[in-house]
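Okay, so here's the structure we're looking at.
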There are 2 protein chains.
Amino acid sequence: MCELLGMSANVPTDICFSFSGLMQRGGRTGPHCDGWGVAFYEGRGVRCFHDPAPCHSSAIARLIESYPIKSENVICHIRQANVGRVSLANTHPFTRELWGQYWSFAHNGQLEGFVAQPGPFQAVGDTDSEALFCDLLNRLRSQFSQLPEQAALMQAITRACTDYASQGVCNLLLSNGDWLFTLCTSKLAWITRRAPFGAAQLSDLELVVDFGEHTTPNDVVTVIATEPLTSNEQWTLYQQGEWRLWHGGETLASGQLELV
Amino acid sequence: MCELLGMSANVPTDICFSFSGLMQRGGRTGPHCDGWGVAFYEGRGVRCFHDPAPCHSSAIARLIESYPIKSENVICHIRQANVGRVSLANTHPFTRELWGQYWSFAHNGQLEGFVAQPGPFQAVGDTDSEALFCDLLNRLRSQFSQLPEQAALMQAITRACTDYASQGVCNLLLSNGDWLFTLCTSKLAWITRRAPFGAAQLSDLELVVDFGEHTTPNDVVTVIATEPLTSNEQWTLYQQGEWRLWHGGETLASGQLELV
């Protein structure tokens with residue numbers, strides 16, 4: 001299994017604090033040694049960092065931890081390989097362009113023997129996760145020639161996800177830079193921080209940050225992670241089958257897949 | 001105008017030395033202040049770094065300069081914006097997946113009023129360069145349902161490039177991770193380093209490296225750049241309209257566009 005970390009905020013916000021906690025699980029407090037990656041959206045652009053080396057000892061991870069890249073939508077993943085060997089091509093998040101937007105995707109779970117329906121989006125590596133992502137994009141593109149209304153898009157995405165979830169564990173983060181779609185079929189948690197901001201203590205590292213010193217009263221920042229990253233805050237656990245669409249730190253839409 | 005840097009090698013090789021010279025032109029010895037980016041291929045995977053900040057003062061650029069990422073195919077670009085504002089989405093190299101391979105592209109030049117033919121690959125930003133890249137991929141995909149033989153592919157690429165070159169300046173680097181295609185319509189130079197390796201002195205910085213200390217006798221490394229990066233070596237200038245396909249540091253194929 002892998003660890004997911006996502007962020008949705010209403011102002012460009014750095015993820016250094018949460019990332020510092022997560023990267024400990026990449027080989028120190030957790031077994032996720034098989035690479036890591038992160039996608040930061042800035043406007044329509046996306047900035048990705050990928051490293052097949054363990055996160056806790058990666059020079060690039062140290063840069064991300066210390067250099068505040070500010071973003072409204074972030075997807076991060078640390079990997080413990082099951083399907084697909086350890087390589088750059090198998091390192092999440094995966095990114096493709098669809099309808100003139102960059103779509104990024106990270107997955108925690110396993111869909112044994114997953115077969116993607118053929119289409120123009122093809123996997124480059126050999127993970128089930130990337131095959132699933134390409135399958136999803138092929139389905140969307142065959143249904144819509146351009147970005148549809150949000151309700152129609154969510155209906156199409158959740159219908160596909162119902163199908164995937166019937167084939168295995170499928171916790172996932174998906175973004176087009178505008179919103180962050182999240183799905184839990186086994187384990188995922190979220191927390192929204194807003195005024196009055198307080199101090200947070202990481203679970204995986206002796207590190208406390210007082211968000212009051214780094215925010216303005218209007219900031220809303222939601223962090224989504226496989227397991228709560230802090231020890232002194234109340235995280236909400238997703239239900240099995242629950243999906244949430246985040247935008248600007250708030251839930252835009254949510255629902256429950258009918259899992260069989 | 002922008003500056004291009006490419007590398008083709010027969011063993012995974014870092015580009016720290018050449019990059020150190022190039023990044024000086026990103027705001028210090030050159031005016032290319034409007035961002036920079038680099039794509040390193042490793043196997044089928046590609047690792048990209050993009051920064052809309054000036055290269056010579058970028059924390060990410062300092063990482064690339066000091067952290068030896070080894071690759072057989074590299075594309076790097078520093079930008080002086082003309083078409084399209086300074087933003088992450090407008091920062092080269094651009095990457096798309098085609099036929100299960102990551103294709104990366106960087107361009108130096110300007111094609112005023114360039115109109116891409118419509119197709120599934122769409123620009124995310126608003127540069128003529130990205131529009132050209134998408135147009136090229138759309139043409140290739142409409143001609144071939146999978147990666148064709150190299151001769152047929154080069155014929156299709158050079159035919160499209162003849163068309164682009166008739167509309168403006170079009171120096172470009174293009175890679176699918178297997179080879180590096182290069183085209184010069186105004187300015188580009190190359191050098192191949194092989195045994196016996198000697199010392200090289202950067203033009204833009206007081207820095208000398210003795211490649212003999214970092215190589216084995218079988219290494220072949222070609223560097224392609226808008227202008228020669230070293231002051232004590234003999235670079236070969238491309239002719240106007242000349243294209244070269246590099247693989248493992250050697251020219252696999254080359255030719256001359258018929259420019260009108």
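The values are calculated or read from the model by the stated rules, or taken from the named source; none is laboratory data. Please read these numbers as outputs of a predicted model, since none were measured by experiment. All Cβ positions, even for glycine, are placed from backbone atoms using ideal geometry, and neighbour counts span all protein chains on display. Side chains are part of the model used for accessible areas, which takes the heavy atoms of the whole protein and leaves out ligands, DNA and RNA. Shrake-Rupley method; radii C 1.70, N 1.55, O 1.52, S 1.80 Å.
Quick notes
- Residues whose placed amide H lies under 5 Å from that of residue B:35, excluding near-sequence neighbours: B:55, B:79
- Residue B:253 long-range amide H proximity, modeled H, under 5 Å: B:245
- The contact between chain A and chain B removes approximately 2600 Å² from the accessible area (both sides summed; 1.4 Å probe; ligands, DNA and RNA excluded).
- Nm distances between copies for residue B:16, ranked from closest, using label points 7 Å along Cα→Cβ: 2.5
- Summed side-chain charge close to residue B:211 - residues other than residue B:211 whose Cβ falls under 15 Å, Lys, Arg +1, Asp, Glu -1: -2
- Chain A: most fluctuating residue of A:174, A:136, A:63 per GNM, C-alpha cutoff 10 Å: A:63
- If you run the Gaussian network model on chain A, springs between alpha carbon atoms under 10 Å, then out of A:214, A:56, A:92 the most flexible one is A:214.
- Under 28 Å of direct C-alpha separation, and excluding same-chain neighbours fewer than eight residues apart, residue B:187 reaches these lysines: B:70.
- Loop trypsin sites (Lys or Arg not before Pro), the range B:78-137, which have at most 15 other Cβ atoms in a 10 Å radius of their Cβ (DSSP): B:85
- Neighbouring Cβ atoms from other chains, within 10 Å of the Cβ of residues in A:87-93, number 4 on average.
- Dividing the mean sequence gap of close Cα pairs (under 8 Å, 6+ apart) by how many residues chain B holds gives a relative contact order of 22 percent.
- Using Cβ point charges alone (K and R +1, D and E -1), the dipole size of the protein assembly as shown about the Cα centre works out to roughly 340 debye.
- Only helices enter this figure: runs of n ≥ 4 DSSP H residues, each worth -39500 (n - 2.57), summed and divided by the residues of the protein assembly as shown, yield -6000 deg cm²/dmol at 222 nm to the nearest 500.
- Within a Gaussian network of chain B (alpha carbon springs, distance under 10 Å), most fluctuating of B:248, B:177, B:198: B:198
- With eigenvalues of the C-alpha gyration tensor scaled by 5 and rooted, the range B:216-256, Å: 19, 17, 7
- Span-rule helices in chain B, defined as complete DSSP H runs reaching 20 Å or more along the axis (Cα) with Kyte mean at least -1.0: B:128-143, B:150-165
- Heavy-atom surface analysis with a 1.4 Å probe gives the range B:3-256 a carbon and sulfur content of 48 percent of its accessible area.
- Between copies, residue B:218 shows label-point distances of 6.3 nm, shortest first, with the point placed 7 angstrom from Cα along Cα to C-beta.
- Each Lys and Arg Cβ is given +1 and each Asp and Glu Cβ -1; about its Cα centre, chain A then shows a dipole of about 280 debye.
- Relative to the other identical copies, residue A:59 shows label-point distances of 1.7 nm, where the label point lies 7 Å from Cα along the Cβ direction and values run shortest first.
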